[in-house]
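No lab work stands behind these numbers, since they all come straight from the coordinates. It should be emphasised that the depicted structure is a prediction, and the values quoted were computed from it without experimental measurement. Heads up, the Cβs are rebuilt from the backbone with ideal geometry, glycines too, and the neighbour counts pull from every protein chain shown.
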Amino acid sequence: MVKLAILASGNGTNAQRISEYFADSDSVKVDCIIYNVKGAYVSERAKKLGVPAYYFGRADFYHNGKVLCFLKEHDIDWLILAGFLWLVPEDIIAAFPQHIINIHPALLPSYGGKGMYGSHVHEAVVSNHEKESGITIHIIDNQYDKGQILFQAKCSVSDMDTPETLASKIHELEQKYFPVVIEKTVLE
C-alpha cells in the first residue's frame, strides 16, 4: 500500500477530490492531511471524509523538525501538495527525493515562482491576454515551480474571461486530472 500525505493551506477541494478518488483503492491510501493555516477549511473537509488532519505551524516545518518526524513515524511514501503555499523545506525534500508532487494553476514555466498562486496567476494570465492556460503537475525541487513536469492540461482563454471564470476552468482540470496523475506516478 502506497501511503500519501496531502499538504494544504486553504479550502481543500483538491485534497477532498484526491481523498475520495483513493477511498476504495487497494494500492494507494491517503493517510493524512497536513495543513499550515489555522482554521483552514481543509480540516473540516478531512473530518467529513474521515481522514486524519493535523495542523503544523511555520516552526514545525522549518525549525524544529516536527513535520519530518511526523511523516517518518507515519511511514509516508509520497507527499502531495494540494494548494500548499509554502516552499517545502530542504530536509523534507531530502527525505522524499522525487516523491513530492505539486499542482500549479498555469502552464509552467510561465506564471510560476514565488507569489504566483491562485488568483494571482489567473489575474496575470488574463491581463496579459493569453490565449490559453491550464495546469501543470510536477515533482518539486527546492525552488518554486521548477521541478520535473509530469503532466499538463490546457484550456482556452477568451477575451471575455475574467480571473474568476478562468479559475473555474482551471479547477475543472485540477479535479479531473490531479488524482489520475498521482495514481499513475506513485504506482510506476
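Structure values in brief
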item	result
Alpha carbon centroid spacing (whole Å) that separates segment 29-101 from segment 156-188	22 Å
Residues CYS155 and HIS63, FRET efficiency given R0 of 25 Å [Cβ-Cβ distance, rounded to 0.05]	0.05
Assigned charges on the beta-carbon of Lys, Arg, Asp, Glu; segment 2-186 dipole about Cα centre (debye)	260 debye
Cross-link table LYS66/LYS169; LYS146/LYS184; LYS48/LYS154, entries beyond 30 Å C-alpha to C-alpha	LYS66/LYS169; LYS48/LYS154
For segment 36-156, alpha-carbon Rg relative to the globular expectation (2.2 N^0.38 Å, N residues)	1.15
Nearest-0.05 FRET efficiency for LYS38 and LEU187, computed from C-beta distance (R0 22 Å)	0.05
Net charge contributed by nearby residues that have their C-beta within less than 13 Å of GLY83 (K/R +1, D/E -1)	+1
Extended-chain gain in nm, criterion 0.36 nm per residue less alpha-carbon gap, LYS47 and THR165	39.5 nm
